[in-house]
Each structure stands twice: as structure tokens, then as C-alpha cells.
Amino acid sequence: MKNPIRTSMACHAVLAAASAGLLFSCFAGEANAQENRRRRAAQEGKPVELLPEQVAGLTKIANERQLNVDDLMAAAKTFTPSGRHDEYVLFSSGGQSGQVFAIGVPSMRLLRSIAVFTPESWQGYGFGGKDDHVIESLKVNGTPVLWGDTHHPALSETKGDYDGQFLFIGDKANARVGVIDLRDWETKQVVKNPLTISDHGAAFVTPNTEYVIEGGQYATVLGYGYAPPEEYKKSYRGMVTMWKFDRAKGRIDLANSFALELPPYWQDLADAGKSASDGFFFINSFNVEMATGGAEKGNPPFEAGASKRDMDYLHIIDWRKAEAAFRAGKVKKINGFPVIMLETSIAEGLLYFAPEPKSPHGVDVTPNGQYMVVAGKLDPHVTVYSIEKVKAAIAAKKFSGSDEFGVPVLDFDAVKEVQVELGLGPLHTQFDDKGYAYTSLFLDSAVARWSLGGEYATMHPEQPWKLVQKTPVQYNIGHLCAAEGDTVSPDGRFLVSMSKWSVDRFLTTGPLLPQNFQLLDISQTGTTMPVIYDLPIGVGEPHYCQMIKADKLKSWKVYPEVGWNTRTQQLDANAPKQGQEGVTREGNKVLVKMTAVRSHFLPEHVEVNEGDEVTWRITAVETAQDATHGFCIGAYNINLSLEPGEFEEVRFIADRPGTYPFYCTEFCSALHLEMMGYLHVKPTAGHAAAVPTTGTSRDSK
Ligand code: CUK
Ligand code: CUA
């Protein structure tokens with residue numbers, strides 16, 4: 001049991017600070033909401049002064065709830081009063097959910113999910129009937145693949161700083177990249193990699209979002225080819241794809257995108273250079289052993305075969321040279337997609353390797369672009385490379401040899417700046433505004449803070465390149481994310497530990513554990529770096545996230561005009577206007593023009609014949625921010641979200657006769673339940689209305 005809090009002089013100041021946040025939450029039950037608001041307004045902008053009886057009340061609550069002073073401080077740092085907005089937004093991968101989550105910081109409140117690779121009904125994503133554009137975009141080799149494994153979100157950047165315009169996210173399971181427009185927080189494009197089915201270093205962007213880069217992972221025969229494992233070295237290859245981004249269109253420009261062939265090592269995490277290292281990007285690798293596994297045949301399993309050698313290769317790619325080679329046509333088409341082959345990359349001097357210790361995982365470039373920090377999961381050190389040394393070694397041809405495919409390998413000692421011992425299982429690194437780096441330690445379950453050198457050495461009181469402290473996290477941290485922590489100008493202040501198995505941190509939710517996003521206060525220098533909030537994530541295994549200052553986001557509150565097509569992001573001439581509602585027919589093609597407004601659809605009855613091809617257009621003729629409607633026809637698997645001004649079109653074949661109520665799925669008004677209508681599908685002659693079939697429940701077999 002924790003020590004009870006006494007209201008001593010020493011903790012009085014702490015309590016006073018803490019209660020700025022706690023007071024209203026603690027006493028909220030006593031005052032009605034109006035009184036609460038009045039007091040808040042009266043207090044806004046004024047220093048908190050606690051009366052002795054309020055201090056006593058706070059102390060009592062703290063003791064009843066067994067909260068210590070650190071807990072009260074943590075509450076004061078994170079509690080965000082009703083109606084007040086967060087300072088940062090964390091865009092997190094959603095792991096196997098296939099989505100992206102947006103979370104406010106420091107409150108750690110979930111703001112919304114953004115559907116990307118998985119249809120999600122609340123957002124009307126993927127429930128638009130026949131030829132639904134979402135389902136179409138999610139097809140892999142013609143088959144809808146309606147989930148993804150999202151790993152790495154990347155915010156668009158201008159001059160190496162988040163600009164708040166777009167968000168990109170990779171799907172590791174299917175090698176796809178999603179593009180989200182942050183004006184309306186909707187996925188606008190999903191591109192499928194034409195070369196491979198497995199990626200990991202996706203997505204990350206060059207400093208002005210010229211390219212969205214998708215690094216591969218498990219080598220395959222590029223272009224979906226086949227070869228047996230015995231032909232691994234000959235036929236399997238790695239790749240990295242440079243997707244050209246057209247900012248004006250908000251789309252990846254497929255015609256100006258290309259890839260680089262890489263040796264069949266397993267490429268891992270990647271990062272783009274910036275400032276001093278602008279023009280380069282870096283990719284880790286493992287399994288340079290080119291192990292082919294086969295434990296079932298008595299061969300060494302992958303985990304052993306892929307970890308034999310002491311060194312793997314950091315891939316150093318000069319992307320401006322790669323772009324020039326692509327523009328000069330020095331490519332081969334694989335599956336119709338232009339690829340710069342290995343021998344071209346070597347001849348053009350655009351690909352180099354640097355040895356890196358023991359199957360590393362993350363590579364992260366410091367804000368000034370000077371250093372690349374590589375964390376080897378089987379090595380207790382981070383290895384820091386200097387871009388100046390890399391450039392000098394390339395110019396002086398300081399190679400220790402070449403790999404089996406002829407790629408020059410830079411001399412390790414010539415490019416290494418320093419190695420810093422941090423602890424067990426270092427994975428990923430982020431940066432702050434005080435010259436510190438933060439590295440996740442998966443096996444230690446800790447966040448390590450360490451001091452940078454070079455031009456950062458004068459920013460902190462410690463010796464350069466030294467471990468400063470470790471904060472334990474619960475448990476097994478993967479990525480971590482500091483506020484604007486991988487831009488040219490990090491903010492410091494907050495860091496999120498993406499801790500994996502939460503084990504005992506929350507109530508038991510059955511054997512499947514939520515992950516644990518833990519907020520750390522990194523605002524003070526030195527050895528204080530407490531965990532101040534735990535957020536269970538019970539909807540997937542997030543991998544990476546990026547934290548952007550909220551005021552950089554210029555999101556729309558409603559669509560700019562009524563009749564807005566959210567795919568083209570412009571007014572759509574097909575959007576029915578008020579007064580144009582009705583049903584027209586040409587042969588068996590039926591066109592429904594509908595408007596939705598509080599609290600009715602028009603028309604309210606739509607009659608079609610069995611077998612008709614129905615095109616159903618709806619405009620939400622609303623301009624108020626709180627006037628979202630839904631539209632569903634249950635048995636036809638149709639569900640839309642109609643945000644104010646939005647135009648949607650769905651198509652379906654009316655192949656099941658019967659009477660189908662359609663209704664609004666958002667509780668939009670007092671008469672929301674009345675916002676409905678009927679779709680009447682008249683059976684063709686001699687054909688009875690369909691008898692509903694009864695489903696079989698999962699456990700009844
Ligand atoms: S991650 Cu994708 S395996 Cu460390 Cu970037 Cu989790
Ligand atoms: Cu519109 Cu409910």
C-alpha cells in the first residue's frame with residue numbers, strides 16, 4: 001500500500017499545481033455542469049489558488065484512491081477538462097486492424113479511427129454496393145483483401161517538418177500504401193506494389209514529400225514470380241519502391257514511380273535523410289546470410305540461419321541519382337513497373353552498404369541530418385553513423401570489399417561515429433529539442449535517454465554519446481514516438497512508448513491482451529522521465545506513430561460545398577440538388593436522386609423491379625457541423641456516412657425481391673428514427689418474394 005498523503009508544506013505546492021487539473025474532475029459530481037462551466041470561465045487564465053478546505057478535499061480523495069504525489073502530478077499533466085483541446089495529435093498505425101488511429105496528447109483520448117485497409121461501417125468505408133470504390137482499391141491480383149497489417153504512418157513534410165496535409169501508411173501483409181487526406185481524414189488512394197507481396201519500411205517520405213518510400217521485407221521473386229527455395233540467391237530479390245507524390249492532386253503518381261532491385265536480404269526499417277543527409281535514404285537489413293530455413297527438413301530454422309553473421313548491411317541510397325537513372329530510362333520493366341536493376345545501381349554509384357551489427361531493426365536520422373542511428377536488436381549498442389564520413393568514404397572509395405552481388409561495402413570504421421551501449425534489445429530512436437535521443441529497449445522493457453554529440457553536445461549537461469537514464473515501461477516496447485520527434489525541429493515534452501503486452505496493467509479482457517500506449521513526460525533534462533498515462537489499445541497491435549502539433553492540421557469542419565465528391569475533393573455535377581429528387585428509369589437501369597436533410601430522405605419510397613440495375617445518388621444537403629446522416633439498406637450490405645455536404649453514389653442489382661426499409665444510422669435529431677423510407681423490389685412474374693434464409697450460428701455445428 002502506498003504511503004498516505006499528508007498535507008505538509010512540502011507537498012502543498014505540488015498539490016496546488018496538481019489540482020489545477022484534478023479539482024474539477026474530483027468535484028464534478030457535486031456541481032451541475034453549468035456551475036462547473038461558470039467556475040471554469042471565472043478561473044480561465046488566472047493562477048490557481050486552493051483554499052485550505054479544497055486542499056483537504058483533494059488530499060482526502062488522493063488517500064481514498066491510494067494516489068501518491070507523483071500520481072497527482074501525472075493527473076495534472078494529462079487531465080484535459082471537458083471542451084479543452086489537446087496540443088498534439090498522435091497518428092498511430094492500427095496493426096492488424098488495418099486502420100490508423102488518431103489520439104489526442106496529452107489526454108490520450110482516442111479521437112477517431114481512419115479506415116484504410118479494412119472496411120469500416122461507421123465511416124461508410126467499403127459498403128457502397130456493387131463496384132464499391134474502396135473494395136476495388138483493396139483488390140490484390142483481382143481478389144479483395146479486406147484487411148491490412150499497418151506498421152508505419154508518415155506525415156507529409158515540407159523542408160523536413162510535418163506540414164499537416166497528408167498521411168501515408170504501409171500494409172506489411174500485402175505490400176500496399178494508403179494515402180489519407182488530412183482535410184477530411186479519409187483514405188483517398190491505396191496502391192498495391194506490383195513487385196512484391198511483403199513490405200515493411202513503409203511508409204516514409206523524403207523531406208519535401210517528393211516521394212513516399214516503400215521498402216520491402218521478405219525477398220520474393222519480383223513481380224509475383226515463382227522459384228523454389230533452392231534458387232533463392234539466383235531468383236529471389238529485395239526491393240524498395242519510390243512512389244512519386246503529386247501534392248496538388250493528393251495522389252501517388254503511378255506513371256512517375258519506380259523501384260530499385262536489391263539483394264535478397266530482408267530489408268527492414270528505413271528513414272530518409274534530411275538537411276545534411278538530404279538526397280539519401282537508409283534501409284536496414286537482416287538475413288544477409290540469405291538463410292532459406294526449412295526446419296521441417298532438419299535445416300537451421302530462419303531465426304538461427306538469419307542471425308549467424310556479426311554484421312548485416314545498412315543500405316545507403318542516393319535517391320536523386322536513382323531518380324536521374326529512372327528518367328534516363330535505365331530501367332527494366334518487371335510486371336510492367338520500371339525497376340533500376342542492381343548492376344545499374346552499382347554502375348551509377350547510387351547504392352552503397354555499410355556494415356551494421358547483428359540484425360538491426362530501426363534506423364533513425366537525427367534532426368540535423370548528420371547522424372544515422374541504427375539499433376541492433378541482438379546488440380546492446382546503438383551504432384551511430386556520420387553522413388559526412390559516409391560521403392567522404394564514398395568519395396575516397398574506402399571500401400572493405402563488396403557483397404556477393406557486387407555492391408560496394410564501406411569500411412565500418414571509416415563511417416562509424418560512435419557506438420553507445422544502452423541495454424537489451426534496442427529497436428527504435430526518437431529525438432527531442434534538448435540534444436537527447438530516446439531508444440526503445442524491447443528486452444529491457446525500458447526507454448533509454450541518451451545524449452547526442454557533435455553540435456548537440458552543448459545542449460545538455462551530460463557528456464556526449466552517453467546513456468543518461470532508463471525509464472521502465474510495461475512492457476516490451478516496440479516503437480516510441482516523441483512530439484514531432486523525427487522532424488528537423490522536434491518539440492520534446494511528450495513521448496509515447498508503444499508497449500506491447502500489457503499483462504497486468506489493466507483489467508483482464510480474456511487471453512487477448514490490449515497493447516499499452518504509455519505517455520512519458522520528457523520535458524525535464526537529466527534523469528527525470530516519468531510515465532504519466534497508460535492508454536490500452538484493444539483494437540490491434542500498433543507499430544509506429546507520429547505526433548504532430550495540433551495547430552498544424554487545417555482540417556475541414558464540413559465539406560466546402562453541398563454536393564461534394566470526397567474522392568475528387570470537388571463539387572460533383574451528378575450530386576442531386578434539392579428539387580431534383582426522384583426515380584427515373586431507362587430499360588432496366590434505374591436512377592435514384594435523393595437528398596438527405598434533418599430529418600428525412602426524399603424520395604421516401606423507391607420502387608424497382610427485381611433484377612434492375614440501380615444507381616442511387618444521395619446528397620447530404622446540410623451545412624451545419626453536427627448534421628451527419630447515415631444511409632443503410634441492411635440486406636444489400638450498403639451503409640454510407642453522409643457528412644455535411646457530402647455526395648455519395650452506390651450501385652447494386654436489385655436481385656432480391658421484397659420490402660426493405662432504409663434508414664439513417666446517425667442519431668441526427670429528435671426525429672432521427674423517422675428518417676427512413678422503403679425500397680420496394682417487385683418480384684418478376686411468377687417469382688415469389690425471397691424467403692429470408694436463417695444463418696447458422698458459429699457454435700451450432
Ligand atoms: S515495427 Cu514493424 S515489426 Cu519495430 Cu517498425 Cu513492429
Ligand atoms: Cu439523419 Cu438520423
Within the stretch 398-415, take every residue that is in a strand (DSSP E or B) and of a type in the set (A, V, I, L, M) and give me the one that is surrounded by the most Cβ atoms within 10 Å (Cβ to Cβ). 410
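For residues that are within 17 Å of residue 551 (Cβ to Cβ), aliphatic (A, V, I, L, M) and over 14 Å from the mean Cα position of the chain (by Cα), tally how many sit in the stretch 84-110. Spell out the reasoning first.
Quick first cut of the stretch 84-110, residues within 17 Å of residue 551 (Cβ to Cβ) only: 84-91, 102-107.
Of the ones still in play, those that are also aliphatic (A, V, I, L, M) are 89-90, 102-103, 105.
Filter once more, keeping what is over 14 Å from the mean Cα position of the chain (by Cα): 105.
Result for the stretch 84-110: 1.
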Picking from 448, 437, 392, which residue would you name as being modelled with pLDDT of 95 or more and surrounded by fewer than 24 Cβ atoms within 10 Å (Cβ to Cβ)? 392
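Only one residue in 158, 206, 150, 187 is within 16 Å of ligand 1 (Cβ to nearest atom), modelled with pLDDT of 95 or more, under 18 Å from residue 243 (Cβ atoms) and assigned by TED's automatic domain parsing to the domain that holds residue 533, so which one is that?
150
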Examine the stretch 406-420 for a residue that is under 18 Å from residue 280 (Cα atoms), assigned by TED's automatic domain parsing to the domain that holds residue 269, in contact with a strand residue (DSSP E or B) (Cβ under 9 Å, 6 or more places away or on another chain) and of a type in the set (Lys, Arg), and state whether such a residue exists. yes
Positions within the stretch 189-198 being touching a residue at least 40 places away in the same chain (Cβ under 8 Å) and either part of a loop (DSSP other than H, G, I, E, B) or of a type outside the set (A, V, I, L, M, F, W, C) (or both), in sequence order: 189, 192, 193, 194, 195, 196, 197
Residue 303 meets each of (1) within 16 Å of ligand 1 (Cβ to nearest atom); (2) closer than 23 Å to residue 385 by Cβ; (3) surrounded by fewer than 17 Cβ atoms within 10 Å (Cβ to Cβ) with one exception, condition (2)
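Among the β-branched types (Val, Ile, Thr), surrounded by 13 or more Cβ atoms within 10 Å (Cβ to Cβ) and at pLDDT 95 or above - does that describe any residue in the stretch 659-666? Working first, answer last.
In the first step, residues of the stretch 659-666 are kept if they are among the β-branched types (Val, Ile, Thr); the result is 659, 665.
Then keep just the ones that are surrounded by 13 or more Cβ atoms within 10 Å (Cβ to Cβ); that gives 665.
Those left that are additionally at pLDDT 95 or above: 665.
Scanning the stretch 659-666, I find at least one residue that is among the β-branched types (Val, Ile, Thr), surrounded by 13 or more Cβ atoms within 10 Å (Cβ to Cβ) and at pLDDT 95 or above, so the answer is yes.
Quick grid of which residues meet (1) modelled with pLDDT under 95; (2) closer than 24 Å to residue 408 by Cβ:
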{"residue": "283", "(1), (2)": "no, yes"}
{"residue": "294", "(1), (2)": "yes, no"}
{"residue": "298", "(1), (2)": "yes, no"}
{"residue": "310", "(1), (2)": "yes, yes"}
{"residue": "315", "(1), (2)": "no, yes"}
{"residue": "326", "(1), (2)": "no, yes"}
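Taking into account only those residues within the stretch 57-71 that are free of Cβ contacts under 8 Å to residues at least 60 places away in the same chain and surrounded by 13 or more Cβ atoms within 10 Å (Cβ to Cβ), which is nearest to the chain's Cα centre (by Cα)?
Applying the filter and picking the extreme gives 71.
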Would you pick out the residues in the stretch 169-184 that are assigned to a strand (DSSP E or B) and either within 14 Å of ligand 1 (Cβ to nearest atom) or not assigned by TED's automatic domain parsing to the domain that holds residue 286 (or both)? 169, 170, 171
What's the number of the condition residue 655 fails, among (1) surrounded by 19 or more Cβ atoms within 10 Å (Cβ to Cβ); (2) more than 23 Å from residue 564 (Cβ to Cβ)? (1)
Return the residues of the stretch 124-138 that are outside any loop (DSSP other than H, G, I, E, B), over 20 Å from the mean Cα position of the chain (by Cα) and touching a residue at least 24 places away in the same chain (Cβ under 8 Å); say none if nothing qualifies. 128, 129, 133
Checking residue 508 against (1) part of a strand (DSSP E or B); (2) without any contact (Cβ under 8 Å) to a residue 24 or more places away in the chain, only one condition comes out false. Which one? (1)
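If you scan the stretch 475-486, which residues turn out to be within 16 Å of ligand 1 (Cβ to nearest atom) and not in a loop (DSSP other than H, G, I, E, B)? Walk me through how you get there before you give the answer.
Step one: list which residues in the stretch 475-486 are within 16 Å of ligand 1 (Cβ to nearest atom), which gives 475-482, 485-486.
Hits for the stretch 475-486 are 477, 478, 479, 480, 481, 482.
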Residue tally, condition closer than 17 Å to residue 415 by Cα, at pLDDT 95 or above and away from ligand 1 (no atom under 16 Å from the Cβ), over the stretch 357-367: 1
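Kindly state which strands (runs of 3 or more DSSP E) lie completely within the stretch 545-627 and contain at least 3 residues that are closer than 30 Å to residue 498 by Cα and assigned by TED's automatic domain parsing to the domain that holds residue 160.
Numbers: elements: 545-549, 582-586, 589-597, 600-602, 605-609, 613-620.
By residue number, 545-549.
The values are calculated or read from the model by the stated rules, or taken from the named source; none is laboratory data. All of these numbers come straight from a predicted model, not from anything done at the bench. Counting neighbours? That spans all protein chains shown, and the Cβs are built from the backbone with ideal geometry, glycine included.
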